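Accompanying notes for the structure given below.
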Amino acid sequence: MNLRLSILLVVVLLIFGGTFLVIRLTDSGSPPERKPWLFHIDETTISHVQIAHAGQLVDYDKKPGSIDWSIQGNPDFPVFHPKWSGTPLLLSGPRVNRVLAEEIEDPASFGLEPPETMVRVSDQVGNTFEFHLGIPTPDGANQYARLVGDSALFTVPSAWAQVVNRLATEPPWGRLYDLDLSLVRVVEVSHESSTTTYILDQSAGQWFVAAEPPQPVTEQWLDSLSRLGGPRVDKILAHSIDDPAKYGLDPPVTRVQIGRRGSAPMEFHLGS
């Protein structure tokens, strides 16, 4: 055999042998601990969510064959998709931090009887998972939890639990948009043949109607400004408009442009 080739083979064997020895010496012999799921469900199949917390009970329902979720009531209201979009994933498979006990001896001591929060997640064929959240752990980083039908006591991250709780106390009601009013500097409203522009004098913290000379706004304007932050949507009629003119949107009956600090202007139209 060629001497050079023999030397190369010896070097390769030494490298592999050394690597194997290092792995054997550093291997603890047990696989890394994986945090178990509280439960797991395909997020695309979730069709109903019910949450009770702090005296509030809210039901979310997905319209069959669509992507539209609504907050059930009389009447139902659509959700604000930018705030809701990650919720099915959030509830599809919550991971637990620890399994504290295989049996819960005193559920009330962990805030689980009655629970601080009750959540039911159902899929399209009627499978339902229900879990309860209790009080925070002493360090405040986690909350106690249990899955109905399972006797074990778990903990879940408090940050995750707080997001879940807000689904009951602060439902994401459908909105046309959501603005930070502290960034708004100019509002221009055109209705039919009239246009009025409102400008914020930042040095004085005062709104004026653009005119010569500028005119201070009335209290009615300040109320209108607060409503411009996130106008509610009653219903989603369609996800695309086939004929804007049919709805008085081309040209629009009313056009509103909102100038914001650090962002491009936002514009919306009102029709017939």
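The values are calculated or read from the model by the stated rules, or taken from the named source; none is laboratory data. Quick caveat, the model's predicted, so the values are computed rather than measured. Here the Cβ positions follow ideal geometry from the backbone for every residue, glycine too, while neighbour counts run over all protein chains shown. For the accessible areas, the whole protein counts, side chains as well, though only heavy atoms, and no ligand, DNA or RNA atoms are used. Shrake-Rupley method; radii C 1.70, N 1.55, O 1.52, S 1.80 Å.
I'm trying to understand the selection: among the residues of the range 82-100, which are in contact (Cβ under 8 Å) with a residue 24 or more places away in the chain and open to solvent by 30 Å² or more (accessible area, probe 1.4 Å)?
P82, K83, L89, L90, R95, N97, R98, V99, L100
Within the range 206-220, identify whether any single residue is within 30 Å of P75 (Cβ to Cβ) and not charged (D, E, K, R), and answer yes or no.
Yes - at least one qualifying residue is present in the range 206-220.
Identify the residue in the range 223-272 that is of a type in the set (S, T, Y) and in contact with a helix residue (DSSP H, G or I) (Cβ under 9 Å, 6 or more places away or on another chain) and, among all such residues, is most open to solvent (accessible area, probe 1.4 Å).
This residue is S272.
I'm told Q72 meets every condition in (1) modelled with pLDDT of 90 or more; (2) within 21 Å of V148 (Cα to Cα); (3) in contact with a strand residue (DSSP E or B) (Cβ under 8 Å, 6 or more places away or on another chain); (4) of a type outside the set (A, V, I, L, M, F, W, C) except one. Can you identify the failing condition by its number?
Result: Q72 fails condition (2) only.
Among the residues of the range 116-127, are any more than 14 Å from Q50 (Cβ to Cβ) and open to solvent by less than 40 Å² (accessible area, probe 1.4 Å)?
no
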